[in-house]
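Comments concern the structure below.
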Amino acid sequence: MKEISKILEDGAYAIDITPSMFEEAKSHYSAMGSYLENNDIMANISPCGSIVMGTIVRPLLKDDNDYFDIDVIVKRMDLEKKHCTPSDVRDPVEDALRSSDRYKDRIENCDECITLLYVLNGKEGGFRLDLDACVADLANPKATACETHGDYADDAVAIAKKAPDDWLGSNPNGLCDWFLTENQRFANAGRMKRKEAVFSRNQTLYESVEEVPDLMDRSALQRAVQIAKRSRDEHYRMSRLDNKPTSCVLTVLMAKVSKDLPDDASVLDILTSFTERLQRDKLLVELGESCLIGASGHWDLSNPVYDENMLDGWGNSDVNAFFRWAETLGADLAGLQQSNAKKEAAAASIFGKKVKENILPATAGTAAAVVPHKPWRSI
């Protein structure tokens, strides 16, 4: 079991953002906030999404110089939704950035948001800051009607989308806070030991273990989410499927499924519980008792901080593909416990061949492992 845990930990570390990139990203969005303020745009700048949840994963791209996507909320404090349009919120932010010698060459065209591209060295690649210009949306009934409205409704925002020019109600910061609350008991278990490991790898960046920020400490739950996200990317790429579940869906499901696990559950414990639960759900679908089936009979996963169905638009083919991926991940976890050839194949299936070669070099005398993927058709 120790060897399996090491494979999972090493693989998750290999696809994680490095502490130096994390610190650089922080400095860039902080500097951008100061720049906007100096240009008379009053906004709260805050990262959200996977970098805050501690579940960020390097995108699966062909180019070695791939980029981490970092979501940033640009919450306008000088405007109110009832007195402005989405363009009023978004355009001044983009215009200010385009007029800056520092930012104008970093802006990438994006229909969804304002994107700034940062290229670092060839080893670490770079990252994109995806800026969501928005305003507070406290009166939105979807924020006040959800199951946890008393704790997170104040974070609800209306994001000014570009194409089409319209509002998108959401609560990204609330979702981060919800997940970190669910994660807290796992984070408390063994935190100092994990921070010591981070410090030992980054002594040129931190002078002591105490300087390692909590946002760079990964609990077993956070590692499990990272591994599931990478396994999903590999499986859907190899299966030639485009309808993969979003990272938010995986994160919320993993947190909910882990509620009954002990505080000191391992990464393997959490991933196994997750895959076994989904396999049970697959058997319960015909009875209408799956956790993914709502009262209306449609596929349903409630956003814990916003009154919406996170599986809105899913059809049977999407769910069947999702269950098939969960089955593959479960088989791969079992494969890590097998002989060298099967172990290498399972690690490659979860993390990709390149990461597998770094964390688990081929055993001498062992035939090259073949990952048993097929381009499954949707059912």
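The values are calculated or read from the model by the stated rules, or taken from the named source; none is laboratory data. Model, not experiment: these values are computed from the prediction. With ideal geometry, Cβ positions are generated from the backbone for all residues, glycine too; neighbour counts draw on all protein chains shown. Keep in mind that these areas ignore ligands, DNA and RNA; they rest on the heavy atoms of the full protein, side chains included. Shrake-Rupley method; radii C 1.70, N 1.55, O 1.52, S 1.80 Å.
Brief remarks follow.
- Flag if residue 15 is in contact with a Lys or Arg (Cβ under 8 Å, 6 or more places away or on another chain) and either modelled with pLDDT of 95 or more or open to solvent by less than 10 Å² (accessible area, probe 1.4 Å) (or both): yes
- Taken together, the criteria place residue 50 among residues that are at pLDDT 95 or above and within 30 Å of residue 267 (Cβ to Cβ).
- Test: residue in the range 52-66 that is of a type in the set (A, V, I, L, M, F, W, C), crowded, with 19+ Cβ neighbours inside 10 Å, out of contact with any helix residue (DSSP H, G or I) (no Cβ under 6 Å at 6 or more places or on another chain) and touching a residue at least 12 places away in the same chain (Cβ under 8 Å): no
- Selection status of residue 32, within 27 Å of residue 171 (Cα to Cα), open to solvent by less than 60 Å² (accessible area, probe 1.4 Å) and within 20 Å of the chain's Cα centre (by Cα): no
- In the set (1) more than 30 Å from residue 16 (Cα to Cα); (2) buried (at least 18 other Cβ atoms within 10 Å of the Cβ); (3) at pLDDT 90 or above; (4) of a type outside the set (Val, Ile, Thr), residue 75 fails one condition alone, (1).
- Those helices (runs of 4 or more DSSP H) lying entirely in the range 83-169 with at least 1 residues open to solvent by less than 80 Å² (accessible area, probe 1.4 Å), β-branched (Val, Ile, Thr) and at pLDDT 95 or above: 86-98
- Matching residues, the range 18-47, being of a type in the set (Val, Ile, Thr) and either modelled with pLDDT under 90 or in contact with an Asp or Glu (Cβ under 8 Å, 6 or more places away or on another chain) (or both): 18, 41
- Screening residue 182 on (1) in a helix (DSSP H, G or I); (2) out of contact with any Gly (no Cβ under 9 Å at 6 or more places or on another chain); (3) modelled with pLDDT under 85; (4) of a type outside the set (A, V, I, L, M, F, W, C) shows it passes everything except condition (3).
- Taking the conditions (1) part of a helix (DSSP H, G or I); (2) farther than 30 Å from residue 325 by Cβ in turn, residue 228 satisfies each one other than (2).
- Inside the range 35-51, residues that are buried (at least 18 other Cβ atoms within 10 Å of the Cβ) and assigned to a loop (DSSP other than H, G, I, E, B) make up a count of 2.
- Residue match in the range 199-208 (condition: surrounded by fewer than 21 Cβ atoms within 10 Å (Cβ to Cβ), not in a loop (DSSP other than H, G, I, E, B) and not basic (Lys, Arg)): yes
- Scan of the range 349-369 for residues that are modelled with pLDDT of 55 or more and either of a type outside the set (Val, Ile, Thr) or on the phi > 0 side of the Ramachandran plot (or both), ordered by number: 349, 351, 352, 353, 354, 356, 357, 358, 360, 361, 362
- Selection within the range 341-357 - farther than 11 Å from residue 14 by Cβ and out of contact with any helix residue (DSSP H, G or I) (no Cβ under 6 Å at 6 or more places or on another chain): 341, 343, 344, 345, 353
- The residues in the range 323-346 that are part of a helix (DSSP H, G or I), among the hydrophobic types (A, V, I, L, M, F, W, C) and open to solvent by less than 20 Å² (accessible area, probe 1.4 Å) can be counted, and the count is 7.
- Options 250, 287, 278, 261: the member that is within 13 Å of residue 330 (Cβ to Cβ) and either crowded, with 16+ Cβ neighbours inside 10 Å or modelled with pLDDT under 95 (or both): 278
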